[in-house]
Amino acid sequence: MKKFLSSKAFRFIWSGGLAVLFYFTCPPCFSKTTLAILLAIQLILINASGFIGRLAWLTHISRFLVGGLFIFSGFIKANDPLGFSYKLKEYFEVFQNDTGLSLFEGFAHIALPLAIIVCASEIILGIMLLIGYKTNLTLWLLFAQIAFFTFLTFYSACYNKVTHCGCFGDFLKLRPWESFWKDIALMILITLLFAGKENIRELFAPFVMSFLFLTGVVFSIGFPVYAYRNLPPLDFRAYAPGMSIKENMKKGAGYKDAVYETGFIYENLKTGKKEHFNLKTYPWQDTLNWKWVASEPKLVSEAVNPPKITDFTVNNMDGANVTDSVLNDKNYSFWLIMYDLKLSADDETLLAKINDFTKLASQDKYKVLGFTSSSGGDVEAYKLKHKVAYPFVSVDGIVLKTMIRSNPGLMLVKEGKVIANWHHNNFPSFSEVKQKWMK
């Protein structure tokens, strides 16, 4: 029996069985022809491993590509672990809504540590693969991780749930189908690595290998923790220091609007299956077989050269739009970003430092504004509790979380241009900011 389980015949049986299972269970959003081609490629790679294993150069190319991409992807996400945790939380909320399982709500509450673990594991696995450390374990962990993310990106693309995967943070935003194809390419490369794993040798002596592995572990965990407790060392967002918010709100040359097609979701009363229809095909007269569920416009083509910032709107606490006056202030101004006052850091030393800072700034005729998405009642309660004198304005919470990865965080702005920003763990003194940044 053991001999049969390790035979080529059994490998063909289980790989062929999985291919058939995937083919018949795949949702209709994906072309059956394309799926058949992909499954055929995987079948060939799995069952021709003996031949592929003799092509050492193919193994090493795949090893370099997979290892390098995992390290790069992990590093980019580790550069902004809080931003990646927002993306994970978005996925968990989608799964909770679609499945009704409270398990995903629990995952959402620990999205930040999970984000750090994912970042660290990508970097560590990339290093392990490149140096040839514990090859078998490394390959199985790589496969498990890429299989998981392939499912996430496919589900997101198929059901239009998450606009971009967060695979490369704000450095490179991939649309769901682009991210899915990236994962498919990695799946093929990892299959090649399994076929040629005998070609993967340890590059150094055991002591050196252990040292490199431990160094990688320390860095891959320490770096995202550092980035979380400070600000992303590499800032790719449209609100980064040096960026003009006003310029980033403008449309690019040759701008074209996104094109949407009117669509409807109808449920088949006999099968319970829901389908998408357009204006020409929707069964509005067939009330015996179909029931309208919802309107769902379908994206036909993306906008061309859209603004980098599309949702920055500032209102005063009475609801009046003050975006222009805030962005066109010719003097230096300080923005205290607190997307949720109830979740804002509540350390007495920090709050005393902020109040002292804002008092000195106001005395020098510099405007200080508190930016929040909290309600007017929460704002008044916060001002009363912490003896806050500066006014607040209202901005969408997602925008505020994008502007700075800190709650609270401080931004120095002049005429809509971000001069500098600070995490609350590194909150500066007013004299320091005035001497270094306000010249």
Residues of the range 66-94 being farther than 18 Å from residue 120 by Cα and in contact (Cβ under 8 Å) with a residue 24 or more places away in the chain, in sequence order, are 90, 91, 94
Out of the range 229-283, which residues are in contact with a Pro (Cβ under 8 Å, 6 or more places away or on another chain), not in a loop (DSSP other than H, G, I, E, B) and not acidic (Asp, Glu)? 248, 260, 263, 266, 277
Give, as residue ranges, the helices (runs of 4 or more DSSP H) completely inside the range 1-111 that count at least 2 residues that are under 24 Å from the mean Cα position of the chain (by Cα). 56-78, 81-99, 103-109
Against the conditions (1) under 30 Å from the mean Cα position of the chain (by Cα); (2) exposed (fewer than 14 other Cβ atoms within 10 Å of the Cβ), where does residue 330 fall short? Just the number, please. (1)
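Please determine, by comparing only the residues of the range 37-96 that are among the hydrophobic types (A, V, I, L, M, F, W, C) and in contact with a Lys or Arg (Cβ under 8 Å, 6 or more places away or on another chain), which one is surrounded by the fewest Cβ atoms within 10 Å (Cβ to Cβ). So that I can check it myself, show each step before the final result.
Let us first name the residues in the range 37-96 that are among the hydrophobic types (A, V, I, L, M, F, W, C), namely 37-41, 43-46, 48, 51-52, 55-58, 61, 64-66, 69-72, 75-76, 78, 82, 84, 88, 92, 94-95.
Now narrow it down to the ones that are in contact with a Lys or Arg (Cβ under 8 Å, 6 or more places away or on another chain): 46, 82, 84, 94.
Values: 46: 19, 82: 20, 84: 24, 94: 17.
Ranking the qualifying residues of the range 37-96, first place goes to 94.
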How many of the residues in the range 287-296 are exposed (fewer than 12 other Cβ atoms within 10 Å of the Cβ) and either among the hydroxyl-bearing types (Ser, Thr, Tyr) or more than 14 Å from residue 263 (Cα to Cα) (or both)? 3
Hits in the range 292-325 - residues which are among the hydroxyl-bearing types (Ser, Thr, Tyr) and touching a residue at least 24 places away in the same chain (Cβ under 8 Å): 295, 301, 310, 313
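Could you check the range 285-385 for strands (runs of 3 or more DSSP E) lying wholly inside it with 1 or more residues that are within 16 Å of residue 424 (Cα to Cα) and modelled with pLDDT of 90 or more? Before you say what the answer is, go through the steps one by one.
On the way: elements: 290-295, 298-301, 332-337, 367-372.
It comes to 332-337, 367-372.
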Which of the numbered conditions does residue 164 fail, given that it passes all the others? Conditions: (1) touching a Lys or Arg at 6+ places or on another chain (Cβ under 8 Å); (2) in a helix (DSSP H, G or I); (3) surrounded by fewer than 20 Cβ atoms within 10 Å (Cβ to Cβ). (2)
So which residues in the range 250-281 are hydroxyl-bearing (Ser, Thr, Tyr), surrounded by 11 or more Cβ atoms within 10 Å (Cβ to Cβ) and over 10 Å from residue 298 (Cα atoms), if there are any at all? 255, 266, 281
Return the residue satisfying two criteria in turn: it lies in the range 410-421 and is of a type outside the set (A, V, I, L, M) and either surrounded by fewer than 19 Cβ atoms within 10 Å (Cβ to Cβ) or in contact with a helix residue (DSSP H, G or I) (Cβ under 6 Å, 6 or more places away or on another chain) (or both), and of such residues it is nearest to residue 232 (Cα to Cα). 417
Check whether at least one residue in the range 333-353 is crowded, with 16+ Cβ neighbours inside 10 Å, farther than 27 Å from residue 236 by Cα and out of contact with any Cys (no Cβ under 6 Å at 6 or more places or on another chain), and report yes or no. yes
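Of the residues 319, 376, only one is surrounded by fewer than 19 Cβ atoms within 10 Å (Cβ to Cβ) and on the phi > 0 side of the Ramachandran plot; which?
Working: 376 fails: on the phi > 0 side of the Ramachandran plot.
When all the criteria are applied, what remains is 319.
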Can you name the residue in the range 136-154 that is aromatic (Phe, Trp, Tyr) and touching a residue at least 12 places away in the same chain (Cβ under 8 Å) and is also farthest from residue 192 (Cα to Cα) among such residues? 154
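Is it the case that some residue within the range 201-218 is of a type outside the set (D, E, K, R), part of a loop (DSSP other than H, G, I, E, B) and surrounded by 14 or more Cβ atoms within 10 Å (Cβ to Cβ)?
no
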Which of (1) surrounded by fewer than 20 Cβ atoms within 10 Å (Cβ to Cβ); (2) modelled with pLDDT of 90 or more does residue 186 not meet, given it meets every other one? (1)
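The values are calculated or read from the model by the stated rules, or taken from the named source; none is laboratory data. Please read these numbers as outputs of a predicted model, since none were measured by experiment. When we count neighbours, we look across all protein chains shown, and the Cβ atoms used for this are built from the backbone with ideal geometry, even at glycine.
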